[in-house]
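Below is one structure, written out as structure tokens, with a few remarks after it.
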There are 2 protein chains.
Amino acid sequence: MNYTIAQAAKKMNLTIYTLRYYDREGLLTNVKRDKSGNRIFTKDDMEMLSLICCLKNTGMPIKKIKQFTDWQNEGNQTLHPRNDMLENHKEDILTQIEDLKKHLRLIDRKLDYYHDACQAYDTNSPIPTCCEYTDDEF
Amino acid sequence: MNYTIAQAAKKMNLTIYTLRYYDREGLLTNVKRDKSGNRIFTKDDMEMLSLICCLKNTGMPIKKIKQFTDWQNEGNQTLHPRNDMLENHKEDILTQIEDLKKHLRLIDRKLDYYHDACQAYDTNSPIPTCCEYTDDEF
DNA sequence: ATACAGCTTACACTTAGCTCTAGGTCAAGG
DNA sequence: CCTTGACCTAGAGCTAAGTGTAAGCTGTAT
């Protein structure tokens, strides 16, 4: 199951430009070429791309992803650092989720206010003053 | 409870540069000055900053935050669009959380593999081949 | 045979969001 | 009086992550 760059881009929801950029940056290893020099994305490349997208979409910078790729190329003696990087990144994602939830609480409180305020506005009643924060929120 | 720019920056975990940048960009409205021209951040400014940070940290671009500020300055006739923006942003955050959780599942599967692989490596056993993806994962 | 689609490279450009620098003002302390 | 520290503005510079362009090659279809 091989893909041209356009097919790979479509499947991964990336642009052709981005795929070439990732290749240039060394996030993919040793991408094969057909006899006229066009890239061939194999199943392995696609699996690596899945991981790259996963890491990128969870906030890992390209340079760090490249580190992972480099380690992968170095073989089994880098299994531990790769494992550690993923462990740390997992913790990072869990923190991101918690942070988002925390921010959500402020948005929800704002929305409570806007709900009341909109209602008041629509009925020509006096608009309530904006919700206040407790000191520990900033 | 007023703050100098340095105090405000500290409290908000931003740099002075960033605060001036936000002011320049119009994310804050009408920041007061003392008699020698130095910014004074009031409680209201700090509350707005809290919201700005919340929106920014949940992925809202600066330009969109400015739109919100602009609407706020226009008064009550923009209560509805402001409400809608926050509603939409809330949905966006919920989607982000779901996406992170989905990505977490791939990381977890990778970690399962790395666990086994590290164990095998440490005991000089044959390293298992990397976990495979089902087709619908990319 | 020629036009076209799809690929190639090298390299310049863009955008967001800061971040820093230079040069200057101002108030307080020695 | 002079220095120090905290602030000011205008504007340049930086980083990350692409995005786009120009010029050129290749394989297929008319």
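Computed from the coordinates by the stated procedures, all read-outs in this text should not be read as laboratory data. Here the structure is a predicted model, which is why all the values come from computation and not from measurement. Cβ placement follows ideal geometry from the backbone for every residue including glycine, while neighbour counts extend to all protein chains displayed.
Each copy carries B:Asn30; placing its label point 7 Å along the C-beta direction from Cα gives inter-copy distances of 6.6 nm, listed from smallest up. With its label point defined 7 Å out from Cα along the Cα-to-Cβ axis, B:Lys64 lies at 2.3 nm from the matching points of the other copies, in increasing order.
Once the C-beta distance of B:Ile127 and B:Ile40 is scaled by a Förster radius of 41 Å, the resulting FRET efficiency is 0.05 to the nearest 0.05.
Kindly put A:Tyr113, B:Tyr22 in sequence by how many other C-beta atoms sit within 10 Å of each C-beta, fewest to most. Don't skip to the end; give the middle numbers.
On the way: A:Tyr113 18, B:Tyr22 23.
Least to most surrounded, the residues fall as A:Tyr113, B:Tyr22.
Residue and whole-Å distance for the chain A Cβ lying nearest the axis of the A-onto-B rotation are A:Ile97, 3. When the charge dipole of chain A is built from unit charges on Cβ atoms (+1 for Lys and Arg, -1 for Asp and Glu) and taken about the Cα centre, the candidate among A:Phe41, A:Asn83, A:Gln96 whose Cα reaches farthest toward its positive end is A:Phe41. For region B:85-134, trypsin sites (Lys or Arg not before Pro) meeting the loop criterion (DSSP other than H, G, I, E, B) and having at most 10 other Cβ atoms within 10 Å: none.
Mind checking the dipole of the protein assembly as shown: about its Cα centre, +1 per Lys or Arg Cβ, -1 per Asp or Glu Cβ, Debye to the nearest 20? Intermediate values should be presented prior to the final figure.
Numbers: 40 positive and 44 negative charges, 247 e Å.
In total the dipole reaches around 1180 debye.
Taking each DSSP H run with n ≥ 4 as -39500 (n - 2.57) and averaging over every residue of the protein assembly as shown yields -22000 deg cm²/dmol at 222 nm. Between A:Lys11 and A:Gln72, residue separation times 0.36 nm minus the direct Cα-Cα distance comes to 19.6 nm.
Other residues lying with their Cβ under 14 Å from the Cβ of A:Asn38 contribute a combined charge of +2, Lys and Arg counting +1, Asp and Glu -1. Taking amide H as placed 1.01 Å from N in the peptide plane, A:Ile40 has its amide H under 5 Å from the amide H of A:Lys32, A:Arg33, A:Asp34, each at least 5 places away in sequence or on another chain.
Pairs of Cα atoms under 8 Å, at least six residues apart: use those to get the relative contact order of chain A, whole percent.
Working: 81 pairs, mean separation 21.6, N = 138.
Computed over chain A, the figure is 16 percent.
Candidates A:Phe68, A:Leu14, A:Asn2 compared by Cα position along the dipole of region A:1-73: farthest toward the positive end lies A:Leu14, with charges placed on Cβ.
Across peptide B:35-48, how many C-beta atoms of other chains are within 10 Å of each residue C-beta, on average? Could the numbers behind the result be given before it?
Numbers: counts 0, 0, 0, 0, 0, 0, 0, 0, 4, 1, 0, 4, 6, 1.
Whole-number average of other-chain Cβ neighbours for B:35-48 is 1.
How big is the dipole moment of region B:25-138 about its Cα centre under a simple scheme where the beta carbon of each Lys and Arg is +1, that of each Asp and Glu is -1, and everything else is neutral? Debye, nearest 20, please.
Numbers: 16 positive and 21 negative charges, 189 e Å.
Dipole of region B:25-138, to the nearest 20 debye: 900 debye.
The HN-Hα couplings worked out from phi for region B:15-30 by the Karplus form 6.51 cos²θ - 1.76 cosθ + 1.60 (θ = phi - 60°) are 8, 4, 4, 5, 4, 5, 4, 5, 5, 4, 6, x, 6, 10, 10, 6 Hz, whole numbers, x standing for Gly and Pro. Placing a label point 7 Å from the Cα of B:Ala120 along the Cα-to-Cβ direction, the distances to the matching points in the other copies come to 6.6 nm, shortest first. Sort out for me the Cα centre separation of region B:83-113 from region A:25-42, rounded to whole Å. Using only Cα atoms to place each centre, the spacing works out to 31 Å.
Its alpha carbons give the protein assembly as shown an Rg and a Dmax of 24.4, 77 Å.
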